[in-house]
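None of the figures in this text is laboratory data; all of them are computed from the coordinates on show. It should be emphasised that the depicted structure is a prediction, and the values quoted were computed from it without experimental measurement. FYI the Cβ positions are ideal-geometry reconstructions off the backbone, even for glycines, and counts take in every protein chain you see.
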Amino acid sequence: MTPSNPQLSGIKSALFLACLLPAFLLWRRFDLDALGANPIEAITRNTGEWTLRFLLITLAVTPLRKLTGWHWIVRLRRMLGLFAFAYGVAHLLTYLWLDQFFDWPAIARDILKRPFITVGFAALVLMTPLAVTSNNFAIRKLGGRRWQALHRAVYAIAILGCVHFWWLVKKDVTEPLIYSLILAVLLGLRAWWRELERRKQIAGGYLPQAPRLNSKVIRIFAK
Amino acid sequence: MLIRRPPDVLPSEITDPDLYHARRRFIAQAGSLALAAALPASQANAATGRLGPLAASPFSTTEAPTSRKAVTTYNNFYELGTDKADPAENTHRLRPAPWTLRIEGLVHKPRSFGIEDLLKLAPLEERIYRMRCVEGWSMVIPWVGFPLATLLKAAEPQGSAKYVEFVSHYDKATMTHGVLDWPYTEGLRLDEARHPLTILAVGLYGDMLPVQNGAPIRLVVPWKYGFKGAKSIVTLRLVDKQPLTAWMKAGPSEYGFYSNVNPEVDHPRWSQATERRIGEFLKRKTLMFNGYADQVASMYAGMDLRRYF
């Protein structure tokens, strides 16, 4: 089941709207004054959680593709990754503006002294080059291999994101634990498939040069 | 042929959402009303849950109190759930009446008090206090209560008593498992416990204490971080050694015994220099001893507050 190009455009538009839904719902709760007694904390929390969720959804594309054979879904991955970045930027802006109100000395102290903020900030900084190179021009310019190497940073970013959440909670780590377990499965599947691939290559004697060379040598001697 | 089947739910059986929510409110209030019914008429009105008459206190701040809605929906009461909205939704997990508070340990007169006895112990006062949470937010809360010193006096502490340990109610069947080592315990040095600012609260905003705020009786120590104020207390124990509190057991490097509000000593994960007053946009500077330095600083004279955090 591969959708045609017009179908894919439709799917992309629908997905785009779906990705905006969390932002819309947050805005509505703000508008209805339904964010609780500490709205700034609620907004910070909500945007942070959606950043992490979009990172995990982005990382789920490849495993889902392998398990289902729906190769076309890889064409949705860029949008999902960019939404992860967009929610991450919203999360950072909430902290800088609403929470700290641009108190730069306090912000600098936080980033340097509070490990959970250090880690979260590092994750967002790392996301920036990935977002900037999420276009066809950048892929051509960098070359597929280098582009892919750069975008493997997403694994580190997701791990940093989970650590950020884990270190932030006071005592009840249930929620960060759930995110971390999902991430572990998504990364574990990749490691497992890579290992299978390696074994297959060894078992199949898929070592391209040596056998060919042997036969040539034999032929020479035969002459 | 068209066979009509009656709908599964009759329109008359569908509850109006307003009614449904009114029921929930009723259930939440029923506990405190049952308690009010047991109280002497002069202190509590059984029909409304109002407390009174209340004496004003010179210790009250003139700052504007935080809205009742915020005070009763934004709570850290992990026994009823670890999200701040949880306690107000899980009030059915704690029945505040009947209630017994026992005072024991190094006292000449160990005693058990019904909550109705406690309310006769001293005239109820309104104490409008700042409350600073260790997480960096604060409120102004109009508590109703009486000095803890009054209760201590009634039990006659022995000369060897140096500290007071507070134990909160814990019911494994209905309350949170894990997270902290239950039951919740807290502690004060005896002079802190006897300080006139230290109260046992039984109400707020003139009403009986809502379950989510620690019904029916809780500790309030306004110059310390909020978690020192043990909720729903069942035992007070006078001891000669500094007790280990639930938060000290959970994170000895993050939570100390004293836990005095101090903008100069950071929590490892949060700066304590500023705070967000609930309902305000900009953060404000945190004051030493939460603004009660004039009354309490002398108790810590000569102590290294970085070490005894």
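One quarter of the convex hull surface built on the alpha carbon atoms of the stretch B:47-181 amounts to 10.5 nm², the projected area averaged over directions. Across the stretch A:55-164, C-alpha contacts under 8 Å between residues 6 or more apart give a mean separation that, scaled by the residue count, equals a relative contact order of 26 percent. Within the shell of other residues whose beta carbon sits under 10 angstrom from the beta carbon of B:Arg102, the net charge comes to +1, with Lys and Arg scored +1 and Asp and Glu -1.
If R0 is taken as 30 Å, the Cβ-Cβ distance between A:Ala23 and A:Met1 corresponds to a FRET efficiency of 0.50. A dipole drawn for the protein assembly as shown from +1 and -1 charges on Cβ atoms has a positive end, and of B:Ala155, B:Ile141, A:Ala131 the residue lying farthest that way is A:Ala131.
So what is the orientation-averaged projected area of the stretch A:5-222, using the convex hull of its C-alpha atoms, in nm²?
On the way: hull surface 74.2 nm².
Hull-based average projected area comes out at 18.5 nm².
One quarter of the convex hull surface built on the alpha carbon atoms of the stretch B:173-271 amounts to 7.8 nm², the projected area averaged over directions. One decimal place: the segment B:Glu89-B:Glu280 gains 66.3 nm when fully extended, by the rule 0.36 nm per residue minus the C-alpha distance. With each label modelled as a point 7 angstrom along the Cα→C-beta vector, the B:Lys162-A:Glu49 pair spans 4.6 nm.
Could you compute the net charge surrounding A:Lys12? Neighbours are other residues with a C-beta less than 13 Å from the C-beta of A:Lys12; K and R count +1, D and E count -1. Kindly include the intermediate steps, with their values, before the conclusion.
On the way: positive: A:Arg75, A:Arg77, A:Arg78; negative: none.
Here the count lands on +3.
What the Kirkwood sum gives for the stretch A:31-145 is a hydrodynamic radius of 16.1 Å, with every pair of different alpha carbons counted.
Using a ≥ b ≥ c from the Cα gyration tensor of the stretch B:18-300 (square roots of the eigenvalues), is it rounded, prolate or oblate, where a/c under 1.5 gives rounded and otherwise the larger of a/b and b/c decides, a/b for prolate? It would help to have the intermediate numbers written out before the result.
Details: a/c = 1.31, a/b = 1.09, b/c = 1.20.
Taking the square roots of the gyration eigenvalues as a ≥ b ≥ c, the stretch B:18-300 is rounded.
Given the C-alpha centroids of the stretch A:70-111 and the stretch B:230-309, what is the distance between them in whole angstrom? The distance from the Cα centre of the stretch A:70-111 to that of the stretch B:230-309 comes to 33 Å. Here the stretch A:1-71 is treated as an ellipsoid with the same Cα gyration tensor; its semi-axes, largest first and in whole Å, are 32, 16, 6. Residue pairs exceeding 30 angstrom between C-alpha atoms, taken from A:Lys113/B:Lys285; B:Lys241/B:Lys285; B:Lys84/B:Lys172: B:Lys241/B:Lys285. Only the Cβ atoms of Lys and Arg (+1) and of Asp and Glu (-1) were treated as charged; on that basis the dipole of the stretch A:5-222 about its Cα centre amounts to roughly 1620 debye. Each principal axis of the protein assembly as shown carries a Cα extent, and these read 115, 83, 43 Å when sorted largest first. Distance distribution P(r), the stretch A:129-187, all Cα-Cα pairs, bin width 5 angstrom from 0: 4, 17, 22, 14, 13, 13, 9, 6, 2, 0 percent.
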